[in-house]
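A short worksheet on the structure shown next.
The values are calculated or read from the model by the stated rules, or taken from the named source; none is laboratory data. Because the structure is predicted, anything quoted here is derived from the model rather than measured. Methodologically, a virtual Cβ is constructed for each residue, glycine included, from the backbone with ideal geometry; neighbour enumeration extends over all protein chains shown. With ligands, DNA and RNA removed, areas are computed over all heavy atoms of the protein, side chains included. Shrake-Rupley method; radii C 1.70, N 1.55, O 1.52, S 1.80 Å.
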Amino acid sequence: MSIYAVQFLIGLSDASVLFLTASGLSIIFGVSRIVNFSHGSFYMLGAYIGYSLIGDSDNPLIFWGGLFLAAVVTGLVGVLVEIVLLRRLYHVPELFQLIATFGVILVIQDLTFMIWGAEDLLGPRAPGLTGSIELLGALVPSYDIALIVLSPLVLVGIWLLFYKTRWGALVRAATEDREMVAALGVNQNLLFTGVFFLGCFLAGLGGAAQLPKGGANLLMDFGIIAEVFVVVVVGGMGSIWGAYIAAIIISELNAFGILFLPESSLVMMFLAMAVILIARPWGLFGKSESMEHKPPSEREDLTISGRKLPWNWGWLLLIAVLLVIPWFQIDFVMTLVIEMVLLSFFAATLHFIMGPGGMVSFGHALFFGGGSYAVALFVNYLQLPMSVLLIAGPAVTMVFALLVGWFCVRLSGVYFAMLTLAFAQLAWSVVFQWDSVTGGDDGIIGVWPTGPAEDKIVFYYLVITLTSLSLYVIRRVISSPFGFALRACRDSSLRSRAIGIDVRKIQWIAFTISGFMAGLAGSLYVYSKGSIFPTEMAIPRSFDALIMLLLGGVQSPVGPIIGGSVYTFLIDYITRFDYWRLLLGIMIMLLIVLFPRGISGIFSSGIIQRIKLLGQSE
Amino acid sequence: MMGELLEVKHLSKSFAGIQAVNDISFSINRGELVSLIGPNGAGKSTCFNMLNGQIKPDKGSVRINGRETVGMSPDKIWKLGVGRTFQITATFYSMTVLENVRIALINDAQKLYSFFARTEKLYHEEAMNLLEQVGIVDQRDRLCGILAYGDLKRVELAVALANNPGLLLMDEPTAGMSPKERVALMALTHEIVKTKNIAALFTEHDMDVVFNHASRIMVLARGSLIASGMPDEIKNNQMVQEIYLGASFT
């Protein structure tokens with residue numbers, strides 16, 4: 001019996017850390033509607049700052065004071081980010097905000113690395129709480145008990161702040177109706193900055209509080225983000241109570257999962273999430289997003305794609321140039337072009353569901369990396385030839401997409417995005433942890449083309465041909481009745497249903513097509529590289545595609561190509577520098593602040609004009 | 001064909017303890033243009049959303065052409081021949097007026113799941129006919145995202161007519177229109193109801209429109225049907241006068 005009690009209590013203590021971090025994310029989203037993707041970075045920052053503040057002091061005052069101060073400093077860093085970056089972005093499309101916070105992740109990652117180094121840091125022990133307490137007939141580390149006590153205290157604190165202070169009342173009002181609060185003369189900037197401080201403070205507190213248990217390392221940011229998203233989605237965006245309950249559910253599932261089926265604990269967590277979201281699509285305590293009635297700012301990403309097929313000559317010219325390249329027989333150019341083409345292809349598959357479909361996926365790398373891994377595993381275990389695997393690889397990801405899509409299309413907006421991210425992280429963890437099959441961190445090597453494509457030039461032409469064909473198919477589908485239906489579902493699900501369109505079915509099919517295509521891109525990619533590592537499935541890979549679309553323009557039909565090529569070229573260049581993440585992060589932020597309407601505008605003024613027209617009609 | 005097209009019995013819905021619609025029953029026959037009126041918050045839109053499947057009633061039954069529709073999703077109800085316009089217009093803002101109607105026609109012809117056909121070649125004539133009917137042909141190539149509100153109402157009507165519905169549900173079809181346009185649109189609706197022998201239910205705040213065009217009027221107040229009858233009967237109804245001329249006049 002006692003082992004269960006211990007697991008239960010440890011689960012509760014994990015839940016505390018998770019709750020602290022998740023509640024911060026939830027609060028920030030509730031008021032500012034910004035999905036702070038960099039929330040995990042603030043959590044990591046809290047841990048590192050706490051480590052430096054506390055040192056190896058065994059004075060309880062310094063320890064607890066250090067935790068608090070670490071949270072305050074983290075909160076202040078958050079304020080800096082809000083003032084310098086996010087404040088300029090409240091009125092731009094969600095995707096841009098999101099990518100901006102991704103830039104923050106990169107910057108914080110490299111800064112942390114610069115300041116504290118690459119080595120994992122062992123956290124300080126809490127003075128006076130280094131032993132264990134006997135509870136329910138079992139020995140439980142006393143620091144875990146302290147954590148269990150901490151989170152209800154914080155919960156009550158937040159509650160008091162929100163329900164007993166004027167500031168809290170304003171925050172709640174802003175959560176309900178931002179415009180109305182602004183109309184009442186409340187200084188929005190101050191309110192948002194305050195909320196951002198609180199959110200980052202909580203993340204920092206979470207990070208610092210887990211120091212005695214987990215220390216600090218550079219993987220913490222991405223490590224916690226998926227779990228935090230799961231908690232916030234399951235609990236309901238903006239609900240603190242929801243975050244608390246969901247954190248307990250998730251952590252207990254983890255704690256007991258490890259006991260019974262160690263390999264499956266992650267799967268259990270995601271299954272629980274899936275079940276809860278099917279029963280309650282807005283989470284346990286979330287409110288459903290209003291049926292329609294999108295705020296004007298969101299309507300700005302008006303699409304033109306699909307109406308005509310412009311740039312026909314441009315396409316032909318592009319293909320002609322690509323076809324000529326091998327004549328020069330410069331190896332590294334061909335390698336780079338193949339990479340550019342395949343990543344553009346990958347971006348185009350995301351564009352298909354995001355542009356015409358309006359479904360923003362944070363986890364598209366699942367299908368790209370999935371295709372690569374499917375091929376690599378088939379090669380490794382069955383030695384199948386390339387001709388078979390270029391069908392089998394995408395077929396595998398298509399099945400994934402069918403499964404994942406079935407869940408995801410039940411949700412929309414941010415919930416959809418977070419669920420896709422969660423599924424992608426699940427797949428990544430499986431690949432990363434299942435050493436015996438996937439090689440874990442070492443990946444799978446020795447995946448080279450077979451048959452005629454062994455010749456590099458043949459392979460090159462194969463890539464160009466298959467990619468062009470696929471892009472042509474995607475474009476045809478976008479301008480087909482199905483493509484129109486997809487846009488209809490994005491524009492107004494209310495109206496779509498009222499004219500008999502089965503919205504979920506349309507979106508599900510589109511998601512599946514996209515998954516198949518991304519799998520094809522991934523299958524070709526693994527052959528071009530000869531190896532595959534879990535990073536191809538990780539969050540940054542998903543964001544690569546998002547950034548490419550941002551660069552090229554989400555609603556521009558040529559967006560994925562331009563964005564994909566420019567971005568791949570850029571990455572190829574800047575990864576030669578030591579602190580390239582810092583550099584890239586700053587570039588991303590600058591880009592979004594300077595061109596809040598997207599770079600696409602430079603290439604196609606028609607889009608800008610249409611947006612302006614739309615603005616005037618508001 | 002005559003007879004009851006829509007039959008509603010004991011329909012009720014409450015939100016968080018507030019009774020939005022309370023045990024209402026009525027029926028509509030083919031060839032009737034029935035108006036549902038009542039002050040703001042009387043439950044008109046809730047009622048419409050229950051008839052059209054957006055909201056599931058707590059109690060009661062809705063029969064369309066004899067088929068029970070409670071629990072059906074809007075897209076299934078559409079298949080029974082129900083056209084709907086919304087109080088706050090819902091159109092496809094990234095598409096032109098013509099495309100909005102076209103997509104409805106395509107779905108009606110069950111061609112939505114064709115992945116390679118050229119959309120712009122489908123149902124052009126039929127779409128133009130519908131646009132002509134509602135008088136918006138000249139706007140056909142403009143995006144719905146930039147259209148004036150009154151025009152959007154017309155687009156909605158054209159879209160709602162695309163599947164030759166037996167029942168039209170119109171939630172404030174003339175909001176945002178000038179008085180002249182209102183009369184024209186309701187005259188058109190009237191004509192469609194008569195010539196196609198279909199049934200239509202509409203809500204409206206403009207009493208001129210209601211009394212000039214409705215063949216029958218039902219009055220909703222605080223979730224309950226308090227009166228139903230010919231325009232003249234309603235005009236002289238004591239209770240209705242109190243509601244409309246009393247404190248809650250809107």
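Here are the numbers for the structure shown:
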read-out: Yes/no for B:L51 being open to solvent by less than 20 Å² (accessible area, probe 1.4 Å) and closer than 26 Å to B:Q241 by Cβ; value: no
read-out: Hey, B:L122 in contact with a helix residue (DSSP H, G or I) (Cβ under 8 Å, 6 or more places away or on another chain), touching a residue at least 40 places away in the same chain (Cβ under 8 Å), within 12 Å of chain A (Cβ to nearest Cβ) and not small (G, A, S) or not; value: no
read-out: Single match in A:I3, A:I49 (criterion: assigned to a helix (DSSP H, G or I), of a type in the set (A, V, I, L, M) and either under 18 Å from the mean Cα position of the chain (by Cα) or modelled with pLDDT of 90 or more (or both)); value: A:I49
read-out: Region A:465-481 residues that are within 11 Å of chain B (Cβ to nearest Cβ) and free of Cβ contacts under 8 Å to residues at least 40 places away in the same chain, paired with ones that are in a helix (DSSP H, G or I) and crowded, with 18+ Cβ neighbours inside 10 Å (beta carbon under 7 Å, 6 or more apart); value: A:S480/B:T119; A:P481/B:I106; A:P481/B:T119
read-out: In region A:484-505, the residues that are surrounded by 24 or more Cβ atoms within 10 Å (Cβ to Cβ), more than 10 Å from B:F92 (Cα to Cα) and more than 7 Å from chain B (Cβ to nearest Cβ); value: A:L486
read-out: Count of residues meeting criterion [farther than 20 Å from B:S45 by Cβ and either touching a His at 6+ places or on another chain (Cβ under 9 Å) or among the β-branched types (V, I, T) (or both)] in region B:72-122; value: 8
read-out: Which numbered condition A:F63 fails, given (1) open to solvent by 10 Å² or more (accessible area, probe 1.4 Å); (2) touching a residue at least 12 places away in the same chain (Cβ under 8 Å); (3) more than 25 Å from A:I240 (Cα to Cα); value: (1)
read-out: Check on A:G128, more than 26 Å from A:A247 (Cα to Cα), outside any helix (DSSP H, G or I) and touching a helix residue (DSSP H, G or I) at 6+ places or on another chain (Cβ under 7 Å); value: yes
read-out: Options A:S436, A:S361: the member that is surrounded by fewer than 21 Cβ atoms within 10 Å (Cβ to Cβ) and in the same structural domain as A:S496 (by TED's automatic domain parsing); value: A:S436
read-out: Every residue from region A:443-466 that is open to solvent by 10 Å² or more (accessible area, probe 1.4 Å) and hydroxyl-bearing (S, T, Y); value: A:T450, A:Y461, A:T465
read-out: Check on B:N212, in a loop (DSSP other than H, G, I, E, B), modelled with pLDDT of 85 or more and closer than 22 Å to B:P173 by Cα; value: no
read-out: Sole residue being touching a residue at least 12 places away in the same chain (Cβ under 8 Å), hydroxyl-bearing (S, T, Y) and not in a helix (DSSP H, G or I), chosen from B:S61, B:S45; value: B:S61
read-out: Odd one out for A:L69, checked against (1) touching a residue at least 24 places away in the same chain (Cβ under 8 Å); (2) more than 21 Å from the chain's Cα centre (by Cα); value: (1)
read-out: Candidates A:L524, A:L550, filtered to the one that is more than 14 Å from chain B (Cβ to nearest Cβ), under 26 Å from the mean Cα position of the chain (by Cα), more than 30 Å from A:A453 (Cβ to Cβ) and part of a helix (DSSP H, G or I); value: A:L550
read-out: Tabulated pairs, region A:276-288, first on the phi < 0 side of the Ramachandran plot and in a loop (DSSP other than H, G, I, E, B), second open to solvent by 40 Å² or more (accessible area, probe 1.4 Å) and among the basic types (K, R), C-beta under 8 angstrom, 6+ apart or interchain; value: A:P281/A:R410; A:G286/A:R280
read-out: Qualifying residues in region A:546-579 (those that are more than 30 Å from A:L469 (Cα to Cα) and without any contact (Cβ under 8 Å) to a residue 24 or more places away in the chain) - the one surrounded by the fewest Cβ atoms within 10 Å (Cβ to Cβ); value: A:R576
read-out: Helices (runs of 4 or more DSSP H) wholly inside region B:76-192 containing at least 3 residues that are open to solvent by 30 Å² or more (accessible area, probe 1.4 Å); value: B:124-134
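Conditions tested, residue by residue: (1) at negative phi; (2) of a type outside the set (A, V, I, L, M); (3) more than 9 Å from every other protein chain (Cβ to nearest Cβ); (4) under 13 Å from the mean Cα position of the chain (by Cα).
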site: B:S73; (1), (2), (3), (4): yes, yes, no, no
site: B:T85; (1), (2), (3), (4): yes, yes, no, yes
site: B:I88; (1), (2), (3), (4): yes, no, no, yes
site: B:T96; (1), (2), (3), (4): yes, yes, no, no
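This table checks each residue for (1) within 15 Å of the chain's Cα centre (by Cα); (2) free of Cβ contacts under 8 Å to residues at least 12 places away in the same chain.
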{"site": "B:V137", "(1), (2)": "no, yes"}
{"site": "B:N164", "(1), (2)": "yes, no"}
{"site": "B:L169", "(1), (2)": "yes, no"}
{"site": "B:T195", "(1), (2)": "no, yes"}
{"site": "B:H205", "(1), (2)": "yes, no"}
{"site": "B:I217", "(1), (2)": "yes, no"}
{"site": "B:A227", "(1), (2)": "no, no"}
{"site": "B:K235", "(1), (2)": "no, no"}
